[in-house]
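See below for the structure under consideration.
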């Protein structure tokens, strides 16, 4: 699974942090995400969640200029893709696939001479 944390500045510039997920042990932080809380009948937005914990101690990343992944696929987006995957259980990953109801990946886009900085 891949998750994109999309940020937009007041002047309209985009920054996306890409997190890759790998199947493994249950991720306790993910169990606090709103969709899991709602599934348990809890207030989805009750206690605050520190999403920074997903990227803490994951200092290695790729950096490139790209586009948004959904139409209209706006160009000029600064991407940071964290190299180290977040570990989550098969059930947690399946939970998000089931919420979406289909595989959500777009076709490969033109390269546009992008440079990936490692």
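The values are calculated or read from the model by the stated rules, or taken from the named source; none is laboratory data. In this text the structure is predicted, and so the values were computed from the model without any measurement. Glycine also receives a Cβ, built like all others from the backbone with ideal geometry; neighbour counts cover every protein chain displayed.
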Next item on the list: Report whether or not residue 108 is without any contact (Cβ under 8 Å) to a residue 60 or more places away in the chain, surrounded by 10 or more Cβ atoms within 10 Å (Cβ to Cβ) and assigned to a loop (DSSP other than H, G, I, E, B).
Entry: no
Notebook entry, point to check: What number of residues within segment 62-86 are within 13 Å of the chain's Cα centre (by Cα) and either surrounded by 15 or more Cβ atoms within 10 Å (Cβ to Cβ) or not in a loop (DSSP other than H, G, I, E, B) (or both)?
Noted result: 8
Next item on the list: Can you tell me which residue within segment 87-105, out of those that are modelled with pLDDT under 95 and in a loop (DSSP other than H, G, I, E, B), is surrounded by the most Cβ atoms within 10 Å (Cβ to Cβ)?
Entry: 104
Notebook entry, point to check: Across segment 32-89, what is the total count of residues that are more than 24 Å from residue 105 (Cβ to Cβ) and touching a helix residue (DSSP H, G or I) at 6+ places or on another chain (Cβ under 7 Å)?
Noted result: 5
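It is to be established whether one or more residues within segment 37-50 are touching a residue at least 24 places away in the same chain (Cβ under 8 Å), on the phi < 0 side of the Ramachandran plot and assigned to a loop (DSSP other than H, G, I, E, B).
no
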Checklist line | Which numbered condition residue 9 fails, given (1) touching a helix residue (DSSP H, G or I) at 6+ places or on another chain (Cβ under 9 Å); (2) loosely packed, with under 10 Cβ neighbours inside 10 Å | finding: (1)
